[in-house]
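To start, the structure under review is shown below, and the notes come after it.
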């Protein structure tokens with residue numbers, strides 16, 4: 001990518017596994033100093049060391065079965081405080097000035113939803129000042145301060161990535177580098193698809209669909225934030241100097257993927273399916289069902305309603321949801337069974353979801369047909385289907401999922417040993 | 001004490017050993033709730049759990065041999081952050097609202113001397129607000145924020161006690177309770193003097209002299225702060241409900257100790273003695289010696305200069321200092337030996353110091369004579385003497401120190417089984 005040679009201000013984010021011990025700290029410090037020595041201004045966002053967060057949660061559970069949200073956030077933010085101070089020390093020890101800042105000091109302003117706060121403003125005055133004075137700024141990931149109450153908040157899962165992107169946006173950084181334990185974003189999970197290829201670049205919207213469909217490398221909120229502020233993200237390995245994957249608004253000219261129809265195949269084993277059998281097909285019934293699920297804060301994914309049988313006036317409604325919300329959903333549906341009058345509930349946690357993601361779908365009909373043919377050829381039965389503008393998702397048996405992913409990956413010529421693949425026009429599909 | 005039944009706002013300080021684990025947290029939470037239930041407003045200052053601070057220092061040393069002061073303070077303050085959040089959770093679990101605050105949030109404003117910052121202002125607006133809303137406020141001890149740089153600072157040894165007293169002063173609390181692992185302040189160390197008596201009260205100036213003379217129950221800076229703002233301190237055990245020792249400006253009427261000449265006998269084994277032999281007795285020589293020691297930041301305690309021998313024009317100068325500063329002092333003296341022209345240096349770390357402290361000394365001559373007679377009777381040789389208005393200190397062999405303390409304690413009728421002791425007029429001395 002041409003961008004990497006032009007950058008002047010780089011935000012780098014390192015996760016907890018990269019700084020799990022003193023040796024990791026020193027290795028990360030060395031990498032940061034190398035970037036600094038190349039002439040760049042550097043802001044680093046760091047997570048808590050290794051298992052620190054889990055250990056703190058364990059302590060909390062020892063004193064209280066239901067820790068207060070404000071206090072749990074106060075407790076957990078100690079984790080990044082420790083890692084950022086140690087990282088600053090390790091950098092100082094290499095002869096470069098580094099100053100650590102809490103989320104509050106770095107100006108990460110959030111709402112007051114403890115445990116899952118949203119960033120509503122970033123005022124990085126102290127960070128800019130440190131950069132202006134030639135120092136490396138180290139910022140605690142995952143945390144902020146609430147605008148209303150001035151209480152310490154945490155951003156929830158993927159929070160450190162979001163901190164990094166939010167700071168990169170506010171500081172108008174040239175790139176936000178997310179260091180991880182894989183080389184970048186792949187066309188499929190390499191553990192399932194042997195010939196999965198690392199993507200040179202992917203668009204924000206594709207990455208959003210991939211993340212929402214089970215790809216774990218970047219969290220949804222971080223990608224949403226990057227898209228909103230057009231922050232280029234470079235996902236790369238903390239164990240090598242190889243180029244990773246750029247997440248950008250449009251694939252740059254000359255990228256071999258520039259004209260790709262399909263970016264990749266994501267999969268997800270974390271969902272379950274609930275089928276409500278024998279639902280009276282009259283107005284208001286579906287509304288009552290989904291209101292009950294909304295009241296229980298269930299995160300629904302795919303929803304399918306069969307055509308009702310004319311003879312009975314009854315239909316079936318199926319939906320998918322995270323497995324760990326299954327019991328709550330069943331409970332709230334049972335409470336409205338009398339009122340709604342459905343016959344029974346079926347719970348199935350042996351499902352898998354495959355999603356084909358690609359911006360090229362917009363202008364290329366026939367993608368579904370190719371996918372369904374491939375799955376059929378592999379003997380995979382499709383149980384549910386849903387689509388967005390740039391995504392097709394199907395639900396199948398969990399035991400068929402690996403085979404489904406492999407056959408889809410091959411059908412769209414994504415395999416890395418097929419050099420003419422995935423280029424628009426190359427395959428003619 | 002009449003005060004305890006009248007109080008409305010109480011500051012309670014708990015040290016790291018009281019909150020070393022979840023059980024300790026819960027016990028302390030119970031005690032706090034008991035105070036709250038009695039109708040008081042309660043502010044709690046808490047130290048880091050058990051060995052947390054040492055563990056964090058160990059981590060710092062793994063990444064850097066000389067950790068930066070700013071970053072070390074950032075690191076160490078994670079310790080109180082953890083303990084205060086857990087304590088707030090434990091209190092919430094008992095059905096009372098508790099909110100934790102960092103030093104910065106509690107308005108502890110300091111200078112920017114990292115590792116030993118001094119409190120220069122306290123603006124406890126958020127604490128007052130929490131109290132006004134009926135909540136228990138939990139404040140991180142030992143930490144603040146610098147006025148100039150807005151960086152996080154730590155207050156150094158005894159810092160949590162100082163935080164408690166500073167908050168009590170700013171909030172105009174009725175009492176600052178310092179919870180510890182002993183029952184209060186004693187007339188001597190009970191491990192040395194079997195019949196040492198717990199003092200009902202002691203004045204600030206006596207407590208200052210006791211603390212400066214080796215009594216460890218309260219730190220000098222905390223007592224200085226309490227005296228300056230006239231904050232009553234109640235030193236008491238975290239393991240019982242017994243009354244402890246009140247540290248106040250004047251002993252209240254009716255206190256059996258009201259007219260006491262001597263409050264107690266302190267001792268100190270942490271000092272060493274350096275003797276500079278054969279110092280030319282001419283103007284400027286002593287100045288050169290002590291300037292060299294000041295430049296090396298040596299904390300001198302007692303200083304004795306012998307009368308010079310007329311024949312030689314040479315004298316000896318002895319001084320005491322903390323043992324752990326001995327090597328630095330010897331080094332800086334050797335560097336000026338050529339210039340100053342003394343003969344040799346003697347280093348002696350087998351000394352002990354005994355201090356007799358009592359406000360009654362001001363109006364009662366003859367205290368020294370009684371002390372020296374007692375020591376002589378016990379076969380203790382006095383090597384150095386220094387006095388203040390309310391203190392007499394002597395240096396003897398460390399091996400004689402226990403005997404010296406016991407004999408002084410008896411000579412001033414401080415033993416607990418002698419009920420008519422220590423009352424002015426009671427002994428006639």
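The values are calculated or read from the model by the stated rules, or taken from the named source; none is laboratory data. Everything quoted here is computed from the prediction, not taken from an experiment. Backbone-built Cβ (ideal geometry, glycine too); neighbour counts: all protein chains shown.
Considering only the range B:65-82, I want to know if a residue exists there that is over 28 Å from the mean Cα position of the chain (by Cα), over 26 Å from residue A:125 (Cβ atoms) and at the interface with another protein chain (Cβ under 8 Å from one of its Cβ atoms).
Within the range B:65-82, one or more residues are over 28 Å from the mean Cα position of the chain (by Cα), over 26 Å from residue A:125 (Cβ atoms) and at the interface with another protein chain (Cβ under 8 Å from one of its Cβ atoms).
Can residue A:11 be described as under 27 Å from residue A:113 (Cα atoms) and within 14 Å of chain B (Cβ to nearest Cβ)?
no
Would you check if residue B:371 is in the same structural domain as residue B:405 (by TED's automatic domain parsing), modelled with pLDDT of 95 or more and under 27 Å from residue B:199 (Cα atoms)?
No, not satisfied.
Go over the candidates B:132, B:121, B:148 one by one and state the one that is under 21 Å from residue B:219 (Cβ atoms) and exposed (fewer than 15 other Cβ atoms within 10 Å of the Cβ).
Of the residues listed, the single one that is under 21 Å from residue B:219 (Cβ atoms) and exposed (fewer than 15 other Cβ atoms within 10 Å of the Cβ) is B:121.
Looking at the range A:108-132, which of its residues are more than 12 Å from chain B (Cβ to nearest Cβ) and within 23 Å of residue B:151 (Cβ to Cβ)?
Across the range A:108-132, the qualifying residues are A:108, A:109, A:110, A:121, A:122, A:123, A:124, A:127, A:128, A:131, A:132.
What residue, of A:221, A:251, is outside any helix (DSSP H, G or I) and in contact (Cβ under 8 Å) with a residue 24 or more places away in the chain?
The conditions single out A:251.
As an exercise: evaluate residue A:258 against (1) over 30 Å from residue A:403 (Cβ atoms); (2) modelled with pLDDT of 90 or more; (3) in a loop (DSSP other than H, G, I, E, B) and give the number of the one condition it does not meet.
(2)
Mind telling me which of the residues A:103, A:95 ends up being closer than 25 Å to residue B:69 by Cα, more than 8 Å from chain B (Cβ to nearest Cβ) and surrounded by 24 or more Cβ atoms within 10 Å (Cβ to Cβ)?
Only one candidate qualifies: A:103.
All but one of (1) within 14 Å of residue B:70 (Cα to Cα); (2) in contact (Cβ under 8 Å) with a residue 40 or more places away in the chain; (3) within 9 Å of chain B (Cβ to nearest Cβ) hold for residue A:137; which doesn't?
For residue A:137, the failing item is (3).
Within the bounds of the range B:39-55, is there any residue that is at the interface with chain A (Cβ under 9 Å from one of its Cβ atoms), closer than 24 Å to residue A:91 by Cβ and under 24 Å from the mean Cα position of the chain (by Cα)?
No, there is no match, as no residue in the range B:39-55 is at the interface with chain A (Cβ under 9 Å from one of its Cβ atoms), closer than 24 Å to residue A:91 by Cβ and under 24 Å from the mean Cα position of the chain (by Cα).
Taking residue A:399 and the conditions (1) exposed (fewer than 13 other Cβ atoms within 10 Å of the Cβ); (2) touching a helix residue (DSSP H, G or I) at 6+ places or on another chain (Cβ under 8 Å); (3) at pLDDT 95 or above; (4) over 16 Å from residue A:318 (Cα atoms), which numbered condition does it fall short on, given that it satisfies the others?
Only one criterion is unmet by residue A:399, namely (2).
For residue A:27, only one of the following conditions fails: (1) within 14 Å of chain B (Cβ to nearest Cβ); (2) surrounded by fewer than 24 Cβ atoms within 10 Å (Cβ to Cβ); (3) within 24 Å of the chain's Cα centre (by Cα); (4) farther than 30 Å from residue B:90 by Cβ. What is its number?
(3)
Here is a list of conditions, (1) outside any helix (DSSP H, G or I); (2) under 24 Å from residue B:137 (Cα atoms); (3) without any contact (Cβ under 8 Å) to a residue 40 or more places away in the chain; (4) within 25 Å of the chain's Cα centre (by Cα), and residue A:153 meets all of them except one; can you say which number that is?
All conditions are met except number (3).
Looking at residue B:147, is it over 21 Å from the mean Cα position of the chain (by Cα) and more than 14 Å from chain A (Cβ to nearest Cβ)?
yes
Only one residue in B:317, B:351, B:382, B:394 is surrounded by fewer than 16 Cβ atoms within 10 Å (Cβ to Cβ), within 30 Å of residue B:284 (Cα to Cα) and touching a strand residue (DSSP E or B) at 6+ places or on another chain (Cβ under 6 Å). Which one?
Only one candidate qualifies: B:382.
Which numbered condition trips up residue B:85, out of (1) more than 22 Å from residue B:181 (Cα to Cα); (2) surrounded by fewer than 24 Cβ atoms within 10 Å (Cβ to Cβ)?
For residue B:85, the failing item is (2).
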